[in-house]
1. Please list 3J(HN,Hα) in residue order for the range 85-96, calculated via the Karplus relation 6.51 cos²θ - 1.76 cosθ + 1.60 where θ = phi - 60°; whole Hz, with x for glycine and proline.
2. Starting from the Cα gyration tensor of the range 89-145, take the square roots of the eigenvalues, sort them a ≥ b ≥ c, and report rounded, prolate or oblate (rounded when a/c is under 1.5, otherwise prolate if a/b is larger than b/c, else oblate).
3. Taking amide hydrogens as modeled 1.01 Å from N in the peptide plane, which residues meet the under 5 Å criterion relative to R278, leaving out close sequence neighbours?
4. List the residues of the range 97-137 whose backbone N lies under 19 Å from a point placed 7 Å from the Cα of T282 along the Cα-to-Cβ direction.
5. Sorted by average packing, counted as other Cβ atoms within 10 angstrom per residue and highest first, what order do 362-371, 226-235, 290-299 take?
6. Need the full-extension length gain, D78 to R233, defined as separation in residues times 0.36 nm minus the C-alpha distance. One decimal, nm.
7. Return the calculated 222 nm mean residue ellipticity for the chain, to the nearest 500 deg cm²/dmol, obtained by summing -39500 (n - 2.57) across DSSP H runs with n ≥ 4 and dividing by the residue count.
8. As an exercise, use a Förster radius of 30 Å and the Cβ-Cβ distance of A175 and A295 to find the FRET efficiency, rounded to the nearest 0.05.
Amino acid sequence: MTAHPLNSLGFAKPPAACRVVVAMSGGVDSSVTAALLAAEGYDVVGITLQLYDHGAAVGREGACCAGQDIHDARRVADRLDIPHYVLDYERRFREAVIDDFADSYLSGETPIPCVRCNQRVKFRDLIDTARDLGAEALATGHYVRRIDGPEGPELHRAADAARDQSYFLFATTPAQLAFLRFPLGGRSKAEIRALAAAAGLAVAGKPDSQDICFVPGGGYARVVAALRPGASRPGEIVHVDGRVLGRHAGIIHYTIGQRRGLGLGEGEGAGEPLYVVRLDPTEGRVVVGPLAALARSEVRLHGLNWLGPVPPAAERPLAVKLRSTSPPVQALVAADDAGGARVVLADPQNGVAPGQACVIYDGDRMLGGGWIARPLAREEAA
């Protein structure tokens, strides 16, 4: 029997014999993902996750997985004539993402709930559901490229650098990557909107989500205070030189690198611009200082996830991203024996915040990453 050539998703069978679950958020990207695969003849099943109370979510704009988004996903599925299911993941999302978000802020960190959602809900649980449905792959609308390399699938940055989402997928495991597909990774956003319009999808002009889905309007502190009553414990605002400059209403209102809204009166710091340098949840202090006090030349990581070959035991020159919006910078990376890594930056960087991710690249290939840990006492003193 002659072997069937690989289809576009890398399986040796006709598309019609290949079931693919598409994670449909109700936005244009996941909708076009479903449309492209359906047009190729795949057996497409759309799944939308209800991540928080539907009644409370209706009418929220600019947030994914809200009531309107569920409605939009269903309309797209109807248009494409594919089955569509809505799964209630509200409890899982609350425990795995929202509670972690609140607790991270209370501990003086700056969390990234979108990574936690991919890591703990969308990829872990949804992949299990896709397997239960007999699917051979889970496809999403993320702008990243999955490339089959000599040692297995690799995760690479999107062709459109402005849309690249690899930073948010650093916690993807090799087993998950083997099951995942990202059909949009080689395309531009303009092309995606054009494809949506050509397919007659009602979401073709829908704006991209800007907010964290459960924090519409960016009011992080209000959400944390509601989730953790009593979280806004007041304390001192202290200069790195030890001077007490003022009072604050809770460290949840501050993030590393913040300059505006410090709550200091005019003239504080003798006209010197001040930034949040450190948050001390134990003492309830916000430590501020000049821009130079923000500089970090070494970063410790915990929870290292690795998609490349064996993590480097000796220092290896690579590129790292310390925030989703920051460009990659050069560094020496070495894994440690505790499941983390040490990153020595070629040039000191400002605003390195515990709780954010440090994602590691070799060229366009994303090798993995970890969570930025609080500096050791000797590092803070330095």
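1. With the stated coefficients, the range 85-96 comes to 10, 10, 10, 7, 10, 4, 5, 4, 5, 4, 6, 8 Hz.
2. oblate
3. V287
4. Counting backbone N atoms under 19 Å from the label point, the list is 104-110.
5. Descending mean neighbour count gives 362-371, 290-299, 226-235.
6. That works out to 50.8 nm of additional length.
7. The per-residue figure over the chain is -6000 deg cm²/dmol.
8. Here the calculated transfer efficiency is 0.20.
The values are calculated or read from the model by the stated rules, or taken from the named source; none is laboratory data. This structure is a prediction, so every number in the text was calculated from the model and none was measured. Neighbour counts run over all protein chains shown; Cβ positions are idealised from the backbone, glycine included. Please note that ligands, DNA and RNA were not included when accessible areas were found on the heavy atoms of the full protein model with its side chains. Shrake-Rupley method; radii C 1.70, N 1.55, O 1.52, S 1.80 Å.
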